[in-house]
Amino acid sequence: MVLSVFRPGILLPWLASMAFGVLVGGTPGLTATMGVALIIPVTYYMEPLAGMAMILGVSFTSIFTGDIPDAPQDPRHAGIGAGDPRRI
């Protein structure tokens, strides 16, 4: 059961969804919830294990990418330019 996750039919969609999650998490205004909502229609036509792997891949990578500090969408930097000494 555990080794069935490492089949190419599951591993490749999982890796592709993680790349999509990085894009979603790094894009200002998109959240992990939106990324999962965008990937759900794709998973309807897949086997269940591959679909769950895709949903988990998008979810955890977009959450992780969205938490990278000093990202432009960080609310601590609102209205402060890059050369401003008040920038945290």
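Considering region 35-51 alone, what residues qualify as being exposed (fewer than 13 other Cβ atoms within 10 Å of the Cβ) and of a type in the set (Ser, Thr, Tyr)?
TYR44, TYR45
I'm checking my understanding of the structure. Among residues of region 1-34 that are assigned to a loop (DSSP other than H, G, I, E, B) and of a type outside the set (Val, Ile, Thr), which one is surrounded by the most Cβ atoms within 10 Å (Cβ to Cβ)?
In the first step, residues of region 1-34 are kept if they are assigned to a loop (DSSP other than H, G, I, E, B); the result is 1, 7, 27-31.
Adding the requirement that they be of a type outside the set (Val, Ile, Thr) leaves 1, 7, 28-30.
Details: MET1: 5, ARG7: 12, PRO28: 9, GLY29: 6, LEU30: 16.
Step by step, filter region 1-34, then rank; the result is LEU30.
All of the numbers you see were taken from the coordinates with simple rules; none came from a lab. What you see is a predicted model, and the numbers here were worked out from it, not measured in a lab. Methodologically, a virtual Cβ is constructed for each residue, glycine included, from the backbone with ideal geometry; neighbour enumeration extends over all protein chains shown.
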